[in-house]
Every structure is written in structure tokens, then in C-alpha cells.
Amino acid sequence: PANLPKVLAKYGATKVLLALGHAPRSRRSLVIRFLEQYPVVVQTIPAINDVVSGKAKIEEVRDVDIEDLLGRDEVAPDRQLLAECISKKTVMVTGAGGSIGSELCRQIVRLAPLKLLLVESSEYALYEIERELKRYMLKKDLNIELHAVVGSVQKQRRMAQVMRSFGVETVYHAAAYKHVPLVEQNVIEGIRNNVFGTWHAAEAAIEANVETFVLISTDKAVRPTNVMG
């Protein structure tokens, strides 16, 4: 990396291809962050071992993944730990159509729950994740009861009714506004949804005798002195 400024200046390069093979994420992150200061497009190419074995083609150039910026290797999910709350159980995900909730749902169906309830206030987001999961379940021949529920976590009675009706055993609460600038401009709605919505969802779970309630929260990653914190 130390020689890159001279090389870029000498040849007027506008694109940098990272051929780092299976280098750890920490190494990738260092190189990518070093290149941030230069007006170049950064992309990666497959590891030479993958090219030789036929797993990848040398021309498969891709943009840098967000995971490459993590600075550490990903921590793989503990399937046994997850299965205790999911396998053969009735599971409910709030905010199921959001970026975090939808990924949770994809992970959950792989662990064979008895039922999966998708709770979402956005009709379109709910439609999209339900359709995607149905396709996946059909492809993998999975026999899981899938229920799409339009509703808001701000309505405690509605949430309790849904939990009781389906006999929910595990709740993954991912419903929250997460885009910091928008929430900072809409403080009241942010508090109403993130704070009171979480409170009402938790109270509903207690009322419906839910075994496990897991709060999925990204808000604490933001400075605690601002609205999101």
C-alpha cells in the first residue's frame, strides 16, 4: 500500500483490482480504507485457487462487499443455539420486511420452525418477503406454516391477540426505524415506533405467555447522546 500513491500518479490509474485471495477481512479492510483517499474505483477479483479449481472465472470482477469493510472476519451463527428457539416452534418476526427482519426470516426458515409469522406495517415489504420465502420453501421442499400479518408493534392489543391466536413461542423484535438522518428529522415518530413500539411488543409477549423475546436493535451503535441513542 505504501507504494500505491506513486504508482497511481505515474500511470494515472482510475481502477484498482484487489487480488487478495482468501486474505482475512482485517487485511482487506486496511487496504480498502487506505484507498479511500484516492479517486479510484475499487473492485475485487476471485482468488487464484478458485479460478484454478473452476469455482470462479478470472473475469468475475465485483464491487467491494460491505462485509469487506468490517475489519474482522464474520462470526458464523451458532445453529444449535438458534435452533433451541426456532426448530419445531412457532416464531414471530416483527419488522419482517425490513433489511434486518427479512434477513432474520431467511435464516429462520433454514432451521425448520413449525410456523413463521411475518409481522410488518408496510404491505409491500410484507408481500415481497412472503413471496421470496414461499419460493425458497418450495425449492427446498420445506413444510413450514407461513403467515403474513399486517400490523404495527405500536398496537399492543393487536400484537397480543396475534401471539395468542397462533401460540407464538419465540419473538424476534426487529421493527424499528433505523435510518439515522430520517429519525433525527422525525423525532416523535422515531420514539413512538422504536421506544413505545418495543415496550408494547414486550408487554404483549408477556400477556401472551411467549417463552422467548429477543430484541434486535441497531440503534445502540449510534452515539448515545443523539436521538437514536
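Just give me the residues in region 167-179 being more than 19 Å from S122 (Cα to Cα) and either surrounded by fewer than 18 Cβ atoms within 10 Å (Cβ to Cβ) or among the basic types (K, R) (or both), in sequence order.
Hit for region 167-179 is G167, nothing else.
Within region 190-198, is even one residue among the hydroxyl-bearing types (S, T, Y) and closer than 17 Å to Q156 by Cα? Before you say what the answer is, go through the steps one by one.
Filtering region 190-198 down to residues among the hydroxyl-bearing types (S, T, Y) leaves 198.
From what is left, the residues that are closer than 17 Å to Q156 by Cα are 198.
Yes: region 190-198 contains one or more residues that are among the hydroxyl-bearing types (S, T, Y) and closer than 17 Å to Q156 by Cα.
Restricting to region 207-229, and then to whatever is over 25 Å from C105 (Cβ atoms) and touching a helix residue (DSSP H, G or I) at 6+ places or on another chain (Cβ under 8 Å), can you tell me which residue is modelled with the lowest pLDDT? So that I can check it myself, show each step before the final result.
To start, the set of residues in region 207-229 that are over 25 Å from C105 (Cβ atoms) comprises 223-227, 229.
Remaining after also requiring touching a helix residue (DSSP H, G or I) at 6+ places or on another chain (Cβ under 8 Å): 226-227, 229.
Values: N226: 70, V227: 71, G229: 66.
Among residues in region 207-229 that are over 25 Å from C105 (Cβ atoms) and touching a helix residue (DSSP H, G or I) at 6+ places or on another chain (Cβ under 8 Å), the one modelled with the lowest pLDDT is G229.
The values are calculated or read from the model by the stated rules, or taken from the named source; none is laboratory data. Here the structure is a predicted model, which means the values were calculated and not measured. Quick reminder, even Gly has a Cβ in these numbers, built from the backbone with ideal geometry, and neighbours come from all protein chains shown.
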